[in-house]
1. Could you pull out every residue, at least 5 positions away or on a different chain, whose amide H is within less than 5 Å of the one on B:Thr382? Hs are placed 1.01 Å off N in the peptide plane, and Pro or chain starts have none.
2. Roughly how big is the protein assembly as shown's charge dipole about its Cα centre, with Cβ charges of +1 (Lys, Arg) and -1 (Asp, Glu), in debye to the nearest 20?
3. With bins 10 Å wide starting at 0, give me the P(r) of the stretch B:183-326 over every alpha carbon pair, in whole percents.
4. Please give me the summed charge of the neighbours of B:Trp161: other residues whose Cβ is under 15 Å from its Cβ, Lys and Arg +1, Asp and Glu -1.
5. Would you mind classifying the protein assembly as shown by shape? Square roots of the alpha carbon gyration tensor eigenvalues, ordered a ≥ b ≥ c; an a/c under 1.5 is rounded, otherwise it is prolate if a/b is larger than b/c and oblate if not.
6. Place +1 on the Cβ of every Lys and Arg and -1 on the Cβ of every Asp and Glu in the stretch B:200-340, take the dipole about the Cα centre, and give the residue among B:Thr214, B:Tyr259, B:Met339 whose Cα lies farthest towards its positive end.
7. For the stretch A:35-212, what class follows from the C-alpha gyration tensor (a ≥ b ≥ c being the square roots of its eigenvalues): rounded when a/c is under 1.5, otherwise prolate if a/b is larger than b/c, else oblate?
8. Quick one: what are the phi-derived ³J(HN,Hα) couplings along the stretch B:308-325, Karplus 6.51/-1.76/1.60 with θ = phi - 60°, whole Hz, x for glycine and proline?
Amino acid sequence: MATDSHALTPEDHSPVGGLAHDERGGISNVVLGMLLFITSEVMFFAGLFAAYFNVRANAPQWPPINAETGEAFHLEILPLVGPATVLLILSSFTCQFAVWAIRRGDRTAFLRNIGVTFAIGVTFLIMQAIDYTLLYGEGITLGSGTFGTTYFTLTGFHGAHVFGGANMLGVVLYRGLAGQFSARHHDAVEAVSLYWHFVDVVWILLFSLLYLLPGKSPAGV
Amino acid sequence: MATTALHPAARTYRSTLYEWVTTTDHKKIGVMYLINSFLFFFIGGLLALGVRSELAQPGLQFVTDQVYNELFTMHATFMIFLFIIPILAGFGNFIVPLHIGAPDVAFPRINALSLWLLPMAGLLLLLSFFTGQAPAAGWTSYSPLAQDRPLGAVGPGQDLWIVAVVLVGTSSILGAVNFLVTIFKMRAPGMTLFRMPIMVWTVLVTSVLGLLATPVLTSALIMLFIDRNYGGAFFDPRNGGDAILYQNVFWFYSHPAVYIMVLPAMGIISEVLPVFSRKPLFGYKAFVFATAAIGALGFSVWAHHMFTTGAVYLPFFSLMTFLIAVPTGVKMFNWIFTMWRGKLRLSTPLLFALGFLSMFLIGGINGAFSAAVPVDFALHDTYWVVAHLHYVLFGGSVFGVMAGLYYWFPKMTGRMLSEGLGKIQFVLMFIGFNLTFFPMHQLGLAGMPRRIADYSSTAGWNDLNLLATIGGFTIAASMVPLLWNIFVSLRSGKPAGDDPWEANTLEWATSSPPPPYNFDHLPEIRSERPLFDLRHGHAAPAATAVVPQSASTSH
């Protein structure tokens, strides 16, 4: 258990353990693979965003009138969505602190920060679920016209990605507790943190689009 | 005792079947891609025979209108999503790591996932035949035709179709990530980007297209799914949705997908032509840049499928479509001047490559015709379009696939295919193909619309339709010598040896079939033809140099 010099781990001898690392010092396979996968995810959301802008441009006014209540749709930032947004942005910071910690070899700080990130991710999902329940209570549903469909599809797929990212964070946390990461071997941490930042950026765009962007009045008003 | 590790190359005690089902070896996965794709090729082919039988004469002889719609929808779905796209990915899987001197792909287990998603998708599609109504909205599944409403697509069949195509798309995306990381990170020492075989370049560009375009199709299909099942309002005008939106999002994928379906086939014949002409590829760098240009322009032409909607800016998309003919023309010259004054060996792979060249040329020219807006308005949704797409996808891609099969079969199995049977297959397929699809040009000009089960006996379309049906069955007959050839070769074919074609690229430097992890030693790589250098002595002293351990296994 000497810590003063580099002890060879089983990974150094395994014929496949070395596959994930680049001896020439470039970007590792895992991180490059994750970056490419995130590129495809960006295009997936681009398709959904394009659909949103399209229905919005076609609508005579936005937000449109809810056929059931006779009033225009309205979304509330408080009490839930605003705090959830702040939390998710904070989690990007804690996630990056975890990466910096494991790069230094500081496993305690790494585990603490990954744990906080994971907890925030789960909290975000719970807050989103509560928000959905409230909206359904107000009669804003997936089936209520273009507004409900685009709102729930965009936020729902973002939520699904938060769920996926939280699962990855859970795996990283579990592996971290098992002592599998070190300053040399932590490709999974780097890759998962990239994914988490991506999920965060998508939410910032979504929040700006759905809650901050001014609506448009019907023509002639 | 328990600490002794099994050497990777040691025989396992598992059965052969278990070994293949659980393998992460890119070569076995590549071969399974090919087998899986050919199974669906035959299913799609049977459906096409159903279509041609019904159209042989006016009137409804065999099927109802509804069943006819199911036949052509499922024919196209199987051929595009479960044959052409996967089989080219299969060739890429087998060949790309060998071509760049790598032990495997970057993520072997994800590679296995990409493979096994495909038969699952195929089974879901087959399952839809038992739901009362198989998908019948065309392979494009336009809204509102594909919506869950009377005269649309009622029932779960269309939903199974959506799920299946999303699975195929996921397989493509994961495969694209794998190819890109493999190509960028795992090339052997000396294998610079501009020494990679053209096949690898085409797989690279195809992967970029797949990575950027496929998720957009996924989003389109998911929105359609939400419309159908959860009362969504994306594409259904009844609820304030926009039917044209679906076409835009769908073709944003499906036009680049046309290049996904043909670029690797171009890569295959760019490997075959130099070997069988005994010359290097003419204009290597021009070919690479032309491939990249096709990929880039491919993202700006999708709306040429939508000229008649009146909802797209015609001059822009028409111009871009014409522009894409320029890099394609560059490639035609690359191929022609590769053969020019070469010592041609008219083996089966070269014959199929020549079939590709001539048929793809026709497909390119009749496609450029349709890029002219007035011509397109006249020919939209006629049999002209059916002729065009089959000249590109069958005359191009399928001939390329056959060239690749005859070229690499010896490497995959260690056995040669019979040249005689191969030539019989080529002649039957070439004649059958032209009998089927050439008359469709005339039918389209004469105004016959696509996707109809019946036509008037006085319209003047009878003879050409009968001719096309005869051609269709000739194509089917051409599969008999192929299957017999493969069967005989696997049982008692001539052993192939390491390099039966005196080829140029690294896959021929290892045994046939290659061992796990592919190479013990690599020749020095100083050009895009390392084996040519080796054979002609210039690199002989370096040839026996052992690749350093860190370089051969570390990435």
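Just so you know, all these numbers are worked out from the coordinates, no wet-lab data involved. The structure presented is a predicted model; accordingly, all values stated were derived computationally and were not measured. No Cβ is skipped: glycine too gets one built from the backbone with ideal geometry, and neighbour counts run over all protein chains shown.
1. Hits under the 5 Å cutoff: B:Arg450.
2. Value, rounded to 20: 1900 debye.
3. Bin by bin from 0 Å, the calculated values are 11, 31, 28, 17, 9, 3, 0.
4. -3
5. oblate
6. Working it through, the farthest residue towards the positive pole turns out to be B:Met339.
7. In terms of gyration-tensor shape, prolate.
8. Here the 3J(HN,Hα) series is 7, 6, x, 10, 10, 7, 4, x, 4, 5, 5, 4, 4, 5, 5, 4, 5, 5 Hz.
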